[in-house]
Structures are given as structure tokens and as C-alpha cells.
Amino acid sequence: MTSFGEYQFGNEVLFIPDLEKGFGQHRGMEQPRPTVAQHEKSQECAADLERRKYWFRWVTGHQSMLLLWHLLAAELSAFNSDDQITPDLELSAKIFRATASIYEYSCFLPVEFYNRDVRPFMSLSHMGFSGSWAADYRYLSLLCSMVMNAPRGVFDAGSLKIFKESRSMGHKSHVTVANRMVPGGGSLLKKSAETGCDFVRPLRHHYLIFDSFFQVHRTSVTADQLVDSLDMRIDAILVDLNQGDARGEDFFSVDPVRVIDEARVSIKQSRGSAFKGNIREAVEREVRSAHELLRLFDTNRDGAITRAEAGDIYAKRFQQWDKDGDGIATREEIEEFLLDMTTWQS
Ligand code: HEM
């Protein structure tokens, strides 16, 4: 029996801070949590257990991912090369490895269930519903690039390599699950773009739709409360995984129980010293000047960045910079993008 949710495979509301506001300083009033026992006995609760389990995986899987991304962003944003403050890359790599397993866990459902119960429901919430509307993911690429473009010698080469590899594990898992659920990986966002709708640049409206779909409430929460909230969800996920599901054997690329638990242990051990970064300050520092980005990527010094100069790591961001899609991101386009990034909408 799990102590998570109001009944077996019930989801809970996730309390998490606005990324830009940072953690609360004082442990706020504890949120009353639903209790389990009396509901578990009801007949109604026993019915439809399989479908509820899949829905739990989709929702609590996503919530756990948001928590991991949020902690990662808080850790990476502590990086300040001027003050010689560096994030814990070993911890960050473990978190990235856990995100790879959580991608798989969230999609550990029959494709028919996804097509009948998940995708249409998301599409009714918004016809262009997209994972890119996950607010906690919003600055992760930017924060990672800060670390990966750090001057030589700031990070130990071995740790940096492991960090990069773990990050790509996450990306690979995403591609794998996307293709498994939707051959070709076509999202609702892509589908809506084909029909002429343009929601490519997310607004606060889109982040809120994502949050409400996944039962997320943005409020003041301390780092400790966030870690506890993750811990509780991981417990519930591991109860599910340890129950044994024959389909799991070929489904996961690595043992999810080991990888998720490893990240959990490290997160709990580091909670006193880690996750101290101020995401807003870090992002502002990073985007303060378009000239800085141009300096990094404009290798031929012509005041613009080509797709090739941006390279693989920035391929996705490049699409956002290159608003007119002509393969060249001009200074004006990048400045507009940066303005977008720093328009804090609280
Ligand atoms: C049913 C399986 C999935 C499919 C078909 C899928 C497809 C896609 C596609 C095509 C994109 C590119 C943007 C867009 O067109 O919307 C995307 C972006 C994204 N997805 Fe998924 N995805 C799936 C599962 C997941 C899961 C389980 C998560 C997280 C728990 C997730 C998180 C994200 C994020 C954060 C982005 C933004 C990536 C970026 O901007 O670099 N996706 N997804």
C-alpha cells in the first residue's frame, strides 16, 4: 500500500515555486495531505485500477520531472565564474540520469491508453499542448550552456564529460518515448502548426495550461519542502515499479529503480549545501547582453549566427533566435529573443 494519493494510484497536487521567484526562505504552513486507508477499501476504488495506474504514471511522472528540473536549475544557476562558485556536476549528472528514467516511466503505458485517454484530453485542454510549456524546463538549456561553455579549467574535464553524457541520456530517452508513443514523434504543437496555428513561442497562458493539466500549484515552497515532495513521489513510483510489470523488462533502457534512487539519495544528502542558485539572477546574468552570445557563437565575427555556428547543442534554441527561419540569427533577432526571456511575468 502506498501512502501517496487519496487512494491507490491517486495523484496529488504538486506545490512548487515559480521558477523566477526562487525558493521561499521559511518553511510555510504544511499542506494537509490526503489520507489513504478508508478509500482503499471501497469497491469503486478497486475498479479500473490499471487505467488509474497509467494516469498516475503520466501525471506523477511529469510532476517528478518538474521537481528534478527545478532542482537542477537551482543547482546550475549557482554557477558564477566571477566569484568562482561552481555547481555540483556529479549531483547534476545524477539528476539528469534520473530524468532519462522518468521520461520512460511517464510513458510506461500502453500506446492505446495514450491515444485514447491522454492525447485527446491534452488536446481538449489546448490543441497545441506541448511539453515545451513545462515552466521548470524553461531555462535549463540556457543554464546548461553556461556550464558547458565555461572557460577551460573551471570544471574538471571528467566531471564535465559525465555531465554532458547524462544530459544527452535525458534527450535520447525523450526521443525514444516520443517515437514509441507517436511514431515520428509528432506533438500536438506540431500538428496544430500544420493546420496554421502558431503557438511556438509560449506565453504565460501556455505555462499555466500545462500546470493546471498536471495538477501543479505555484506557491512559496522552501528547497527542503521541494526535496520532500520529490522524495514522496519517488517512493510512490518505486512502489509501482517494484510491484513488477512484465512489460517493464524491455521497456526501460537502464534499471529505473537504481537510477532514480541514486539521484534521490544524492539530492537528500546535498540538500543543506545544494540548490542555492537564484535562477532569475543567473538567467539575467546570462542574457544581459546579446553581444556576449554573439561573441560566443559568431565565430566569423559578422554580427550574426548561422545554424552551423550554433552547433548541435544550440540547435533548438537557434530555431527560437532565427525568427524568420532563414538560417541566420541576426543581432536584432537575438535581442528580441533575449527580451522575451527576461520578461518576467509573475
Ligand atoms: C507521448 C510522448 C511524447 C511525445 C510524442 C513528445 C513530443 C515532443 C515534441 C515533438 C517536442 C518538440 C516541441 C513540440 O513540438 O511540442 C517535445 C518537446 C518537449 N517535451 Fe515531449 N514528448 C513526449 C513526452 C514527453 C514527456 C514524458 C516529457 C516530460 C515528462 C516531455 C517533455 C518535453 C519538453 C520539456 C519539451 C521541450 C524540449 C525543448 O524545448 O528542448 N515530453 N516533445
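The values are calculated or read from the model by the stated rules, or taken from the named source; none is laboratory data. This structure is a prediction, so every number in the text was calculated from the model and none was measured. In this analysis, Cβ positions are derived from the backbone assuming ideal geometry, glycine residues included, and neighbour counts consider all displayed protein chains.
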If we ask which residues in segment 37-71 are of a type in the set (S, T, N, Q), modelled with pLDDT of 95 or more and either surrounded by fewer than 22 Cβ atoms within 10 Å (Cβ to Cβ) or under 15 Å from PRO17 (Cα atoms) (or both), their number turns out to be 2
It is to be established whether one or more residues within segment 162-172 are away from the ligand (no atom under 13 Å from the Cβ) and polar (S, T, N, Q). yes
Could you give every pair whose Cβ atoms fall below 6 Å, whose first residue belongs to segment 322-346 and is within 19 Å of ARG280 (Cβ to Cβ) and polar (S, T, N, Q), and whose second residue is part of a helix (DSSP H, G or I) and modelled with pLDDT of 80 or more, counting only separations of at least 6 or pairs across chains? GLN345/ARG204
Report, by residue number, each residue of segment 252-290 that is without any contact (Cβ under 8 Å) to a residue 60 or more places away in the chain, within 15 Å of LEU143 (Cβ to Cβ) and in a helix (DSSP H, G or I). GLU284
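Matching residues to (1) over 19 Å from the mean Cα position of the chain (by Cα); (2) away from the ligand (no atom under 13 Å from the Cβ); (3) buried (at least 20 other Cβ atoms within 10 Å of the Cβ):
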residue	(1), (2), (3)
ALA73	no, no, yes
ILE85	yes, yes, no
SER92	no, yes, yes
ALA98	no, no, yes
CYS107	no, no, yes
PRO110	yes, no, no
LEU124	yes, yes, no
ARG138	no, no, yes
SER141	no, no, no
Can LEU67 be described as more than 23 Å from GLN225 (Cα to Cα), within 16 Å of the ligand (Cβ to nearest atom) and among the aliphatic types (A, V, I, L, M)? no
For the structure I just gave you, tell me whether ASN179 is away from the ligand (no atom under 16 Å from the Cβ) and loosely packed, with under 14 Cβ neighbours inside 10 Å. no
The lone condition LEU109 fails out of (1) farther than 28 Å from ALA73 by Cα; (2) assigned to a helix (DSSP H, G or I); (3) of a type outside the set (Asp, Glu) is (2)
In segment 143-175, the residues that are surrounded by fewer than 19 Cβ atoms within 10 Å (Cβ to Cβ), of a type in the set (Gly, Ala, Ser) and in a helix (DSSP H, G or I): SER145, ALA157, GLY158, SER159, SER168
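Matching residues to (1) more than 15 Å from the chain's Cα centre (by Cα); (2) closer than 29 Å to SER187 by Cα; (3) at pLDDT 90 or above:
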site	(1), (2), (3)
ARG204	yes, yes, no
LEU226	no, no, yes
ALA236	yes, yes, yes
ASP240	yes, yes, yes
GLY248	yes, yes, no
One residue is enough: does segment 254-265 have a residue meeting the conditions over 22 Å from the mean Cα position of the chain (by Cα), at pLDDT 85 or above and β-branched (Val, Ile, Thr)? no
Picked from segment 266-295 (must be modelled with pLDDT under 80 and of a type outside the set (A, V, I, L, M, F, W, C)), the residue surrounded by the most Cβ atoms within 10 Å (Cβ to Cβ) is GLU286
In this structure, is SER145 more than 10 Å from the ligand (Cβ to nearest atom) and in contact with a strand residue (DSSP E or B) (Cβ under 8 Å, 6 or more places away or on another chain)? no
Given (1) touching a Ser or Thr at 6+ places or on another chain (Cβ under 9 Å); (2) at positive phi, where does LEU230 come up short, assuming only one miss? (2)
